[in-house]
Amino acid sequence: MTRLTETAGTFGFCGLKFVHDEIRRLVTISWLTVIRYLDVFITQSRKFKCVLDHAKRSFYKAAYNIMGKVGRIASEEITLQLIKSKCIPVLLYGLEACPLNKTQTQSLDFVTNPLFLKLFNTSDIALVKQCQEQFDFTLPSVALERRRTKFMHKLCCVDFFT
């Protein structure tokens, strides 16, 4: 924690909060390592970098809520369609504007594996890959690349000066 004394009538930027003091007072500056902006978490780094933990947690929460509600009542195909339409957008929200490295992209694909393991009651990852192909389940990294291409196309077509 760093302490800063403000003089009367000056402005200071203090940990995402503007401070204007009429009289002299002591202000505590809190330094953050992660900030949240439009539900995308950005971390402190030399380069622009996003944190995926919150997105993954939200994805798991939504997916397990769906699996808890429909359980074994619905077929695997319907459950996967619900996960594709409701949970994958939760995972990918805002990430088309974030640069992700190979490890982060692979971690996005990895979040779907436990769902398939549980849904098909197996522990074989080769069977999971086969089920993903059989049910035409698009991996999050592929869906993200499509969204990023669409985002960049829209961004290039916008005329900012008119």
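The values are calculated or read from the model by the stated rules, or taken from the named source; none is laboratory data. Predicted model only: the values in this text are computed from it and were never measured. Reconstructed Cβ throughout: ideal geometry from the backbone, glycine too, with neighbour counts over all protein chains shown.
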Among residues of the stretch 114-126, those that are assigned to a helix (DSSP H, G or I) and within 18 Å of residue 75 (Cα to Cα), counted: 6
Being without any contact (Cβ under 8 Å) to a residue 12 or more places away in the chain and within 21 Å of residue 56 (Cβ to Cβ) narrows it down to one of 128, 111, 142, so name that one. 142
Please name all residue pairs, on different chains or six or more residues apart, with Cβ atoms under 7 Å, provided the first residue is in the stretch 70-94 and is at positive phi and the second residue is surrounded by fewer than 15 Cβ atoms within 10 Å (Cβ to Cβ). 94/38; 94/39
Checking the condition within 23 Å of residue 65 (Cα to Cα) and of a type in the set (D, E, K, R), which residue from 118, 154 passes? 118
Filter pass, residue 69 being assigned to a helix (DSSP H, G or I), surrounded by 14 or more Cβ atoms within 10 Å (Cβ to Cβ), at pLDDT 85 or above and not aliphatic (A, V, I, L, M): no
Restrict the check to the stretch 93-102 and report whether at least one residue is surrounded by 11 or more Cβ atoms within 10 Å (Cβ to Cβ), part of a helix (DSSP H, G or I) and out of contact with any strand residue (DSSP E or B) (no Cβ under 9 Å at 6 or more places or on another chain). yes
In the set 87, 131, which member is under 21 Å from residue 36 (Cα atoms) and in a helix (DSSP H, G or I)? 87
Do the conditions hold for residue 74, that is, is it in contact with a helix residue (DSSP H, G or I) (Cβ under 7 Å, 6 or more places away or on another chain), modelled with pLDDT of 70 or more and not charged (D, E, K, R)? no
Please verify whether the stretch 5-28 includes one or more residues that are of a type in the set (A, V, I, L, M, F, W, C), in contact with a strand residue (DSSP E or B) (Cβ under 8 Å, 6 or more places away or on another chain), modelled with pLDDT under 55 and assigned to a loop (DSSP other than H, G, I, E, B). yes
